Amino acid sequence: MAFLAVALYATAVAWLAGLALFWALPLLRNYASARKMGVPIRVIPIDHTNPLWLLLDRKVLPVIARLLPFTRKSSFLRYNYRGWEMRERWAPHHEMGDVFTIVTPKEVWLYLGDPDAVADMFRRGRDEFPRCTRLTEMLNVFGPNISTAEGAQWRTHRKLVATCFTEQNNEIVWSEAINLATDMIRYWSTRKPLTSVDSDARTLSLHVLSRAAFGKSFRFEGHDERKAENSSKSYKESLQTILENCILIVAFGPQTLARWKSYLPKKLARVQEACDAFQKYMTSVYEAEKAASAGASSSSRHDHNLMTSLVRASQASESKAALTEQEIYGNMFVLNFAGHDTVSHTFTFAVYFLAAHPEVQDWVADELHQVLGPGSDPADWSYTRDFPKLKRCLAVLYETLRLYTPVPTSKWTDKASPALKVGDKTVTIPPNTIVLPSYACIQTDPRYWGDDSLSWRPQRWVDINEEWVAPRKGTFVGWSDGARDCPGKKFSQVEFVAALAVMLRDWVVEPATFGRETLADARKRVLDVIEKESTMILLLQMIHPERTPLVWKRR
Ligand code: HEM
């Protein structure tokens with residue numbers, strides 16, 4: 001009996017020691033580091049980027065909030081999950097000032113709500129505020145790449161990737177988006193009511209990417225038209241499966257999945273198959289391009305898709321500045337990853353906002369009739385002539401990103417301790433601190449955006465002379481800023497504007513009404529759904545748009 005008691009005691013002590021070593025000590029160390037900055041501190045007990053916690057946070061926290069309602073205002077419930085920024089908006093900054101920290105057992109996160117400090121941080125660039133590659137290393141699935149590299153390596157990736165985003169590639173994006181959107185609106189107009197906006201928007205963006213990235217064109221297939229067979233084997237389906245299961249892939253790792261493939265449950269086996277198929281697909285395109293470069297084939301010589309540009313640029317540069325085969329795969333995956341759901345989720349938000357705002361649809365349609373003419377064939381619209389004039393369409397994209405930013409941008413201090421001026425205070429930021437522009441705050445703070453800052457009003461981006469209204473520096477970071485901003489910014493703008501132009505010139509969208517609901521009530525319901533049922537999965541998205549059906553009609 002005495003032996004059992006000693007064993008239990010020893011186990012308890014070992015547990016406590018383990019807990020102190022792995023949790024409490026780092027938390028205390030980080031707390032001490034944060035205190036040195038002399039700014040308000042909030043503490044959260046779990047590293048919110050931990051892959052296991054990523055699988056659980058949205059399930060666990062609502063249960064705790066229900067069982068222990070008095071904890072709702074605690075830092076744990078307010079800040080210990082992905083995307084808390086969207087729920088809180090500017091509230092934490094108005095409570096704590098333009099700068100505050102959140103301390104986790106992993107590191108300290110510093111939040112900036114002052115546009116001048118944000119602009120200064122981006123201006124000072126990668127030397128003082130590099131990317132914290134730990135946060136993106138999950139994107140190393142198929143090889144090192146532009147998103148996960150730093151220093152000289154990143155410069156090589158960035159230089160070569162930048163050569164892919166040419167005006168010729170934008171032309172491809174423009175015409176492919178027009179073709180696909182023409183088929184998509186045809187499909188949407190036959191669905192009454194339409195419940196597949198998000199799924200169809202993903203198809204559109206995937207098909208634009210497959211053409212612009214790999215040179216493969218696919219016709220648009222609506223949600224109900226898609227065939228289920230071969231689901232994880234084709235390029236399209238494999239990429240879709242990978243993107244939908246990124247968190248699982250990160251949690252288990254593609255190598256582990258491959259090693260245990262015979263024993264995996266059905267869902268994981270499908271994910272593993274998809275990784276395998278996507279890798280094979282990239283290898284085949286890579287080999288074909290290499291052969292074409294060597295003169296064995298001329299099939300892809302004149303195409304300006306991202307893969308061919310990357311292989312050619314890499315072959316053309318000196319050996320030290322070239323990318324390895326693995327790095328080319330890594331970059332192709334990351335371009336697909338970064339360019340797919342960012343655009344499709346934003347497009348879905350925009351369609352729902354439009355359904356709630358008929359006056360914005362009319363405002364955009366006026367521009368489309370003026371620039372493109374009422375009866376012109378979309379196939380004749382020109383990227384170089386028409387795209388720069390479609391400012392109202394672009395404003396719909398900016399306004400949607402302002403309120404619902406899919407990708408939060410972040411920097412860190414690495415081993416340095418830079419000083420940053422925030423208002424009249426100079427904050428010396430310790431090493432190993434993540435530094436973030438509080439995007440959900442600065443993009444909606446009434447101090448910079450006015451009293452209607454939370455209203456979706458694309459008209460704020462275009463003045464009465466049809467000139468673009470640039471926001472104050474540091475108040476809009478939708479595509480990030482500085483040296484590591486988004487290289488796909490123009491790509492996404494061209495795709496979005498082309499698709500929107502096709503849809504809004506001749507069509508209008510409204511919410512389907514339920515029972516005796518009026519159209520005005522249905523529009524309010526849509527806005528409520530956008531606000532309450534959007535969340536950060538891997539990116540910010542509407543969770544169940546299919547529960548809010550829409551109807552498209554001829555204008
Ligand atoms: C609406 C659409 C898009 C939004 C809102 C967006 C936003 C962003 C943001 C905020 C970053 C910086 C992330 C950070 O600092 O951690 C970023 C980086 C990046 N984006 Fe985009 N993006 C979009 C579309 C695209 C597209 C279409 C592509 C490619 C086809 C792309 C490729 C990339 C890449 C490769 C990076 C990493 C750049 C680097 O680290 O040097 N993005 N994007």
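Bear in mind that the values in this text are calculations on the coordinates, not laboratory data. This structure is a prediction, so every number in the text was calculated from the model and none was measured. Cβ coordinates were reconstructed from backbone atoms using ideal geometry, including for glycine residues, and neighbour counts include every protein chain displayed.
Observations
- Where labels lie 7 Å past Cα in the beta-carbon direction, separation of Asp463 and Lys73 in nm: 4.4 nm
- Take the Kirkwood radius over Cα pairs of the range 1-67, plug it into Stokes-Einstein at 25 °C and 0.890 mPa s, and you get 163 µm²/s for translational diffusion.
- For the cross-link pairs Lys391/Lys489; Lys216/Lys267; Lys73/Lys106; Lys159/Lys267, the ones whose C-alpha atoms lie over 26 Å apart are Lys216/Lys267; Lys159/Lys267.
- Radius of gyration and Dmax over the Cα atoms of the range 89-228, both given in Å: 21.3, 54
- Förster radius 30 Å - calculated FRET efficiency between Asp377 and Ser293 (Cβ-Cβ, nearest 0.05): 0.25
- Shown here for the range 439-519: GluC sites (Glu not before Pro) in loop regions (DSSP other than H, G, I, E, B) with at most 10 other Cβ atoms within 10 Å, namely Glu467.
- Listed by Cβ neighbour count within 10 Å, with the fewest neighbours leading, Ser492, Ser438 appear as Ser492, Ser438.
- Listed by chain and number, the lysines whose C-alpha is less than 22 Å from the C-alpha of Lys192, apart from same-chain residues fewer than 8 away, are Lys227, Lys524, Lys553.
- Computed label-point distance, nm, for sites Gln255 and Ala12 using a 7 Å Cα→Cβ extension: 4.2 nm
- Residue by residue, the range 52-66 carries 3J(HN,Hα) couplings of 5, 5, 4, 6, 10, 3, 6, 8, 6, 5, x, 5, 4, 4, 6 Hz when phi is fed to the Karplus relation 6.51 cos²θ - 1.76 cosθ + 1.60 (θ = phi - 60°); x denotes Gly or Pro.
- Only DSSP H runs of four or more residues enter the estimate; each adds -39500 (n - 2.57), and after division by the residues of the chain the mean residue ellipticity at 222 nm equals -17000 deg cm²/dmol.
- Phi angles across the range 325-337 convert, under the Karplus curve 6.51 cos²θ - 1.76 cosθ + 1.60 with θ = phi - 60°, into 3J(HN,Hα) values of 4, 4, 5, 5, 4, x, 6, 5, 5, 5, 5, 5, 5 Hz, Gly and Pro given as x.
- Set against the 2.2 N^0.38 Å expectation for a compact globular protein, the range 15-134 has a Cα radius of gyration ratio of 1.15.
- 15 Å beta-carbon shell around Leu54, net charge (K/R +1, D/E -1): +1
- Order of Tyr404, Tyr9, Tyr448 under a 10 Å beta carbon neighbour criterion, fewest first: Tyr9, Tyr448, Tyr404
- ³J(HN,Hα) computed for each position of the range 130-140 - Karplus, 6.51 cos²θ - 1.76 cosθ + 1.60, integer Hz, glycine/proline x: x, 6, 7, 5, 4, 6, 10, 4, 4, 7, 7
- Stretched out straight at 0.36 nm per residue, the stretch from Arg123 to Asp506 would grow longer than its current Cα-Cα span by 133.6 nm.
- Computed FRET value (nearest 0.05) for Ser284 with Val60, which takes r as the C-beta separation and R₀ as 35 Å: 0.25
- Here the convex hull built on the C-alpha positions of the range 346-470 has a volume of 160 cubic angstrom per residue.
- Residues whose placed amide H lies under 5 Å from that of Arg42, excluding near-sequence neighbours: Thr101, Ile102, Val103
- With contacts taken as Cα pairs under 8 Å at a separation of at least 6 residues, the range 118-271 carries a relative contact order of 16 percent.
- The Cβ shell under 14 Å around Arg72 holds other residues with a net charge of +3, Lys and Arg each +1, Asp and Glu each -1.
- Under Stokes-Einstein, with the Kirkwood radius over Cα pairs as Rh, the value for the chain at 25 °C and 0.890 mPa s is 97 µm²/s.
- Hull shadow area, averaged, the range 269-418 [alpha-carbon convex hull, nm²]: 15.6 nm²
- Residue order, fewest to most beta carbons within 10 Å, for His48, His345, His340: His48, His340, His345
- Only aspartates and glutamates eight or more places from Lys261 in sequence, or on another chain, were considered; those with a Cα closer than 17 Å are Glu273, Asp276.
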